[in-house]
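Colleague: Attaching a single structure in structure tokens format; questions to follow.
The values are calculated or read from the model by the stated rules, or taken from the named source; none is laboratory data. Note that the coordinates shown come from a computational prediction; the quantities given were computed from them, not determined experimentally. All Cβ positions, even for glycine, are placed from backbone atoms using ideal geometry, and neighbour counts span all protein chains on display.
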Amino acid sequence: MLNSNKNLLEIPILAPLLRSPWPWRLLRLVLLLMTGLMIAYGWHQHAIPGVTTPDPLMYTNLATYFFWNLWIMAVVFVALFLGRAWCTVCPVGWLNGLFIRFGLKRDLPLWLRNFVPVTLTLVVVQLSVYLFAVHRFPDYTAWLLAVVLLLAILCGLIFRKRAFCSLLCPAGAVFGLYARLAPLELRVKEQEICAACDSKDCVSGAPLWKRFSLGPALLYWRGTRNDCPADLVTAEICDSASCTLCLHCAQNCEKENIRISWRPWLADLHQGRLSASEAFFFVVLLGMITANFAKVFTELRELIFAAPQQLAMILGWGSNGFYFFSALWVTLAFPLLLILPGYLLVRLGSTQIVTIPAGELENLPEPSPAPAFWSIVGRLALAGIPMILAAHVVLAVVKLNAKGAYLPFVLQDPAGVQSFLAMNVMNTVNQPGVLIPLDILKWLVLALLLLGYGLAIIAARRVARTQGRIDRAYLAGAITVVTILAAIYGSTVIRWLFIR
């Protein structure tokens, strides 16, 4: 078993695979081909003629099944243990990087170098799910994937680095949050070696010569080292939120001063806070996960969506208006309400009471400014990450458990028409059941939520420790927020799986 300080780049069998770019290129190529197959099999598949079911191919077509049920859910487990390792093999980011070589290589404008664009992208995706149910229809999913690939190519042709990943990829931003908890990190082994290095070839993208030999024949060509797609300096990495684990630095470093090793959980949740724009992204993600989690608890779901329903009725906008308001409510207003009690406790804790001697009112110093709203939210978010990660993992476990058995049918019939007809019309094949019995699943799910809540309390205490003392106001606010979330998730699980 690997110990916490074992460098993966020093393991005899694993190190050559990690240092070589070819295994990663082949894996990206396979995943890109898989994306192409999803687009091809989903492109003209919307419904089945003569079948009244509105979304018959949701779980039998390759596009909808693989993307929404396997791909989206499975990467949560990658993030749980490996942080942003998925970014290493992501075919979309790779495609973006390939077209950078032929593009204009413009710098991304300063006003776009934050989490606002990717947060708005996440809101748009949620709107498309609510308004058009893109996750239920193979052709909609295929169009979505095609647009994603096209945008990745366009970003590559215009901007340097992987602009698509920072501007339009919500998955990368989610992994950046979860990477702060994951037990894997990339760092340098010795800072002194990096300080004495003049070339900085590991991140500079400097040119190099390559030689190919076959017997007496020699072929030389001039190439370029792969630079860091996130514009990081390896020696300056202090957390794992931005490092995509592309391993370019490890492949380029001639001094072999890079290490990839295991570490304790929650390692990056030191004293600090998320930036205002990343806190905004966290709020949107929190609302989406919480609303999605609570949808199986009828009374709670109705309570959550009461406000957009009433607004749609007052304006007479009908069901489309309800879905539109629901998307905005879930991604913006609702999660802020969840955080509001904790925020108020932090603000109350920063209240300053000063005794003023008689006659010295004019000499009283100005009170210290209170922290900005998003600054407080960004600090509270650090304690909330373990809780929403636990909820995200639970959603993935439940989804894979319920629909994982459809995989053989999807592989045999990628279009999904014959499988649906066999299961639901001709009844020649039984519909697949769950992988784990519900009597076992409910305890597993409850244990995951309790673990997430425990880690969130530990994270709150860790972030609350400032300059050797505990910020009690922050600790009370953070514990309040994660307890509210735990109550919502826990009551949903109990109502759904234990009281049936």
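Colleague: Which pairs have Cβ atoms under 8 Å, sit 6 or more apart or on different chains, and link a residue in segment 426-449 that is assigned by TED's automatic domain parsing to the domain that holds ILE494 to one that is assigned to a helix (DSSP H, G or I) and of a type in the set (D, E, K, R)?
Modeller: PRO432/LYS403
Colleague: Let me ask something else. Failed condition for ALA415, given (1) in contact (Cβ under 8 Å) with a residue 40 or more places away in the chain; (2) part of a helix (DSSP H, G or I), with all others met?
Modeller: Of everything listed in (1) in contact (Cβ under 8 Å) with a residue 40 or more places away in the chain; (2) part of a helix (DSSP H, G or I), ALA415 misses just condition (2).
Colleague: Could you say which residue among ILE470, ILE457 is assigned by TED's automatic domain parsing to the domain that holds LEU344, at pLDDT below 95 and farther than 30 Å from THR52 by Cα?
Modeller: ILE470
Colleague: Can you name every residue in segment 109-164 that is over 19 Å from the mean Cα position of the chain (by Cα) and part of a loop (DSSP other than H, G, I, E, B)?
Modeller: Within segment 109-164, PRO109, ALA133, VAL134, ARG136, PHE137, ARG160, LYS161 qualify.
Colleague: A further question follows. Report every pair of residues separated by at least 6 positions or lying on different chains whose Cβ atoms are under 6 Å apart, first residue within segment 237-255 and farther than 9 Å from LEU186 by Cβ, second of a type in the set (D, E, K, R) and crowded, with 16+ Cβ neighbours inside 10 Å.
Modeller: Close Cβ pairs satisfying both conditions: ASP239/ASP268; ALA241/ARG180; THR244/ARG84; GLN251/ARG19; ASN252/ASP201; ASN252/ARG225.
Colleague: Taking the stated definitions as given, is VAL445 β-branched (Val, Ile, Thr), out of contact with any strand residue (DSSP E or B) (no Cβ under 6 Å at 6 or more places or on another chain), crowded, with 18+ Cβ neighbours inside 10 Å and over 30 Å from TYR41 (Cα atoms)?
Modeller: yes
Colleague: Are any of the residues in segment 10-17 crowded, with 22+ Cβ neighbours inside 10 Å and not hydroxyl-bearing (Ser, Thr, Tyr)?
Modeller: Among the residues of segment 10-17, not one is crowded, with 22+ Cβ neighbours inside 10 Å and not hydroxyl-bearing (Ser, Thr, Tyr), which makes the answer no.
Colleague: Could I ask something else about it? The conditions are (1) touching a His at 6+ places or on another chain (Cβ under 7 Å); (2) within 22 Å of ALA79 (Cβ to Cβ), and ASP139 fails exactly one of them. Which is it?
Modeller: (2)
Colleague: Also, I was wondering about something else. Please tell me if TYR489 is touching a Phe, Trp or Tyr at 6+ places or on another chain (Cβ under 7 Å), on the phi < 0 side of the Ramachandran plot and at pLDDT 95 or above.
Modeller: Yes: the conditions hold for TYR489.
Colleague: Same structure, new question: Please work out if GLN412 is surrounded by fewer than 13 Cβ atoms within 10 Å (Cβ to Cβ), in contact with a Ser or Thr (Cβ under 9 Å, 6 or more places away or on another chain) and within 30 Å of GLY36 (Cα to Cα).
Modeller: yes
Colleague: I need the full set of residues from segment 190-199 which are touching a residue at least 12 places away in the same chain (Cβ under 8 Å) and surrounded by fewer than 17 Cβ atoms within 10 Å (Cβ to Cβ), in order please.
Modeller: Within segment 190-199, GLU190, GLN191, ILE193, ALA195, CYS197 meet the criteria.
Colleague: Based on this model, can you work out whether ALA267 counts as assigned by TED's automatic domain parsing to the domain that holds ALA390 and over 30 Å from LEU98 (Cβ atoms)?
Modeller: no
Colleague: Hey, could you check segment 80-131 for residues that are in contact with a Gly (Cβ under 8 Å, 6 or more places away or on another chain), of a type in the set (A, V, I, L, M) and under 24 Å from PHE67 (Cα atoms) and say which is surrounded by the fewest Cβ atoms within 10 Å (Cβ to Cβ)?
Modeller: My answer is LEU98.
Colleague: Can I ask one more? Output the qualifying pairs, or none if there are none: Cβ atoms under 7 angstrom, residues six or more apart or on different chains, first residue in segment 316-333 and under 17 Å from ARG301 (Cα atoms), second residue surrounded by fewer than 21 Cβ atoms within 10 Å (Cβ to Cβ) and of a type in the set (Ser, Thr, Tyr).
Modeller: Between residues of segment 316-333 that are under 17 Å from ARG301 (Cα atoms) and residues that are surrounded by fewer than 21 Cβ atoms within 10 Å (Cβ to Cβ) and of a type in the set (Ser, Thr, Tyr), the close pairs are TYR323/TYR130; SER326/TYR130; ALA327/TYR130.
Colleague: Condition (residue is in contact (Cβ under 8 Å) with a residue 12 or more places away in the chain and part of a helix (DSSP H, G or I)) applied to segment 45-62: is it met by at least one residue?
Modeller: yes
Colleague: Which one of the conditions (1) over 22 Å from the mean Cα position of the chain (by Cα); (2) surrounded by 15 or more Cβ atoms within 10 Å (Cβ to Cβ); (3) closer than 30 Å to ASN114 by Cα does LEU395 fail to meet, given that it meets all the rest?
Modeller: Evaluating LEU395 over (1) over 22 Å from the mean Cα position of the chain (by Cα); (2) surrounded by 15 or more Cβ atoms within 10 Å (Cβ to Cβ); (3) closer than 30 Å to ASN114 by Cα leaves (1) as the failure.
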